[in-house]
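The values are calculated or read from the model by the stated rules, or taken from the named source; none is laboratory data. Source: prediction; values computed, not measured. Cβ placement follows ideal geometry from the backbone for every residue including glycine, while neighbour counts extend to all protein chains displayed.
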Amino acid sequence: MKGCVATFILGPVLSAMLVGCASQQYSPLGTPAVSTPIGSAPVAEPEIIVLPHEPAPVIGLDNVDGGPPPASVSTNVLPTATAAVFGRGWIPLRAWTDRCALGTPGRIVSGGTTTYRVSTRNGLCVLTIDSRLARWNGMAVWLGFAPQIIRGEPHIHALDAEKTLALLAEIPPAGKTAARTVVLDPGHGGSDAGTRSAHNDMEKTYALDWALRTERLLTNAGWKVFLTRRGDVDVSLTERVAFADRVRADLFISLHFNSTFPQTQPSGIETYCLTPAGMPSTLVRGYADDERALFPNNAFDSSNVQWAFRIHRALLAQTHAHDDGIKRARFMGVLRYQNRPAVLVEGGFLSNDQDAANIQSGAYRESLAQALMDALK
């Protein structure tokens, strides 16, 4: 799938490299798919269109500090020419679905809104013209770029096709992954209390309880589990990353609870992974969102979004909380420098009365832990 999308981005340059690339036919999730060579018949390369776009807006608040990079890590920046090529290209939606053997997009116009629905092997994807918010089986997934109508046809951005849509269309069952060692990272700790709830409780306490409950469940399920902290202690962001390196973790999950004080209306669960290079973030929180920046964790873009999808889906199924979506961000230092798939979860808004009351309940925190086990088992 990824190779099919890359063809749209680099055009004929990669075409010769894709001999033997197979389009996947429909098959039940978890069963082998039947492959048919696509090299037997020529496939027309769609035209790549370059359009300007606006920077990511500053939306909402978050309490996770960006933090400095570890001393041994440097931040690479993509050459401007490279970023311009793979960060600005648009491809016809129909050309993408045809190339990857997906269902024909269905168009629905309602109340001035135009949406396109695409059937995939992992469910129904709904894209809305001029909106970055997509829906996958009803679940909120934020894109880097809003789909556009260009020359009368719906287009999606090549980066969204490669880094989000193609990957979510082909998510394998978690049990078939090689990951068996996970680091759970309870946010904050010690002098850093995190945010305070509407009921005057501290985020750091709830985050640790969530991690300990999850550790018990995952250990019983056969995972090797490590915690970045097991008590109310200070642990720097740099040390959290270094700890995951030391224990050779296959997966890193940072656990937090959100806040938008003094606003109390926002609620629900958010799941974050690092923004791919060339794409604007969903949330910037005042961070200089340089789309050319390439961090160590970007090597795991594909696994990041697939784990985020599994985890977010399981959290919603267990808690029935408001769906605030799968999002991308660069300001979270605990994600940027990970050398493994990494996800950060906000388990609810402590600034919201109902969310805070739920999070205060041990039964609710147990359901958050159960959701993580469900996602990883």
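Key figures
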quantity: Residue within segment 241-251 that is over 30 Å from Trp90 (Cα atoms), assigned to a helix (DSSP H, G or I), in contact (Cβ under 8 Å) with a residue 12 or more places away in the chain and touching a Lys or Arg at 6+ places or on another chain (Cβ under 8 Å) present; calculated: yes
quantity: Some residue of segment 260-267 being farther than 12 Å from Gly347 by Cβ and buried (at least 23 other Cβ atoms within 10 Å of the Cβ); calculated: no
quantity: Yes/no for Ile326 being surrounded by 21 or more Cβ atoms within 10 Å (Cβ to Cβ), among the hydrophobic types (A, V, I, L, M, F, W, C) and closer than 24 Å to Gly89 by Cβ; calculated: yes
quantity: Some residue of segment 299-307 being closer than 26 Å to Tyr364 by Cβ, of a type in the set (A, V, I, L, M, F, W, C) and crowded, with 22+ Cβ neighbours inside 10 Å; calculated: yes
quantity: Hey, Ser281 in a helix (DSSP H, G or I) and among the small types (Gly, Ala, Ser) or not; calculated: no
quantity: Segment 304-326, residues that are in contact (Cβ under 8 Å) with a residue 40 or more places away in the chain and not hydrophobic (A, V, I, L, M, F, W, C); calculated: Gln306, Arg310, His312, Arg313, Gln318, Thr319, His322, Asp323, Asp324, Gly325
quantity: Per-region count, segment 222-240, residues assigned to a loop (DSSP other than H, G, I, E, B) and over 20 Å from Arg180 (Cα atoms); calculated: 7
quantity: Pairs where the first residue, in segment 188-216, is touching a residue at least 40 places away in the same chain (Cβ under 8 Å) and at positive phi and the second is surrounded by fewer than 17 Cβ atoms within 10 Å (Cβ to Cβ) and of a type in the set (Val, Ile, Thr), C-beta under 8 Å, 6+ apart; calculated: Gly189/Val233; Gly190/Val233
quantity: Odd one out for Asp355 among (1) closer than 19 Å to Phe257 by Cβ; (2) in contact with an Asp or Glu (Cβ under 9 Å, 6 or more places away or on another chain); (3) at pLDDT 95 or above; calculated: (2)
quantity: Odd one out for Ile311, checked against (1) crowded, with 22+ Cβ neighbours inside 10 Å; (2) at pLDDT below 95; calculated: (2)
quantity: Filter result (surrounded by fewer than 18 Cβ atoms within 10 Å (Cβ to Cβ) and over 24 Å from Thr264 (Cα atoms)) within segment 193-221; calculated: Leu212, Arg216, Thr219, Asn220, Ala221
quantity: Residues of segment 245-261 satisfying the condition of being among the aliphatic types (A, V, I, L, M) and touching a Leu at 6+ places or on another chain (Cβ under 8 Å); calculated: Leu251, Ile253, Leu255
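For every residue, the table says whether it meets (1) at pLDDT 85 or above; (2) of a type in the set (Phe, Trp, Tyr); (3) surrounded by 17 or more Cβ atoms within 10 Å (Cβ to Cβ); (4) closer than 26 Å to Glu270 by Cα.
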{"position": "Ile59", "(1), (2), (3), (4)": "no, no, no, yes"}
{"position": "Pro68", "(1), (2), (3), (4)": "no, no, no, yes"}
{"position": "Ser74", "(1), (2), (3), (4)": "no, no, no, no"}
{"position": "Pro79", "(1), (2), (3), (4)": "no, no, no, no"}
{"position": "Gly111", "(1), (2), (3), (4)": "yes, no, no, no"}
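Rundown of residues vs (1) touching a strand residue (DSSP E or B) at 6+ places or on another chain (Cβ under 7 Å); (2) buried (at least 22 other Cβ atoms within 10 Å of the Cβ); (3) free of Cβ contacts under 8 Å to residues at least 12 places away in the same chain; (4) among the aliphatic types (A, V, I, L, M), yes/no style:
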site: Gly123; (1), (2), (3), (4): yes, no, no, no
site: Leu127; (1), (2), (3), (4): yes, yes, no, yes
site: Arg132; (1), (2), (3), (4): yes, no, no, no
site: Trp136; (1), (2), (3), (4): yes, yes, no, no
site: Met139; (1), (2), (3), (4): yes, no, no, yes
site: Gly144; (1), (2), (3), (4): yes, yes, no, no
site: Pro154; (1), (2), (3), (4): yes, no, no, no
site: Ile171; (1), (2), (3), (4): no, no, no, yes
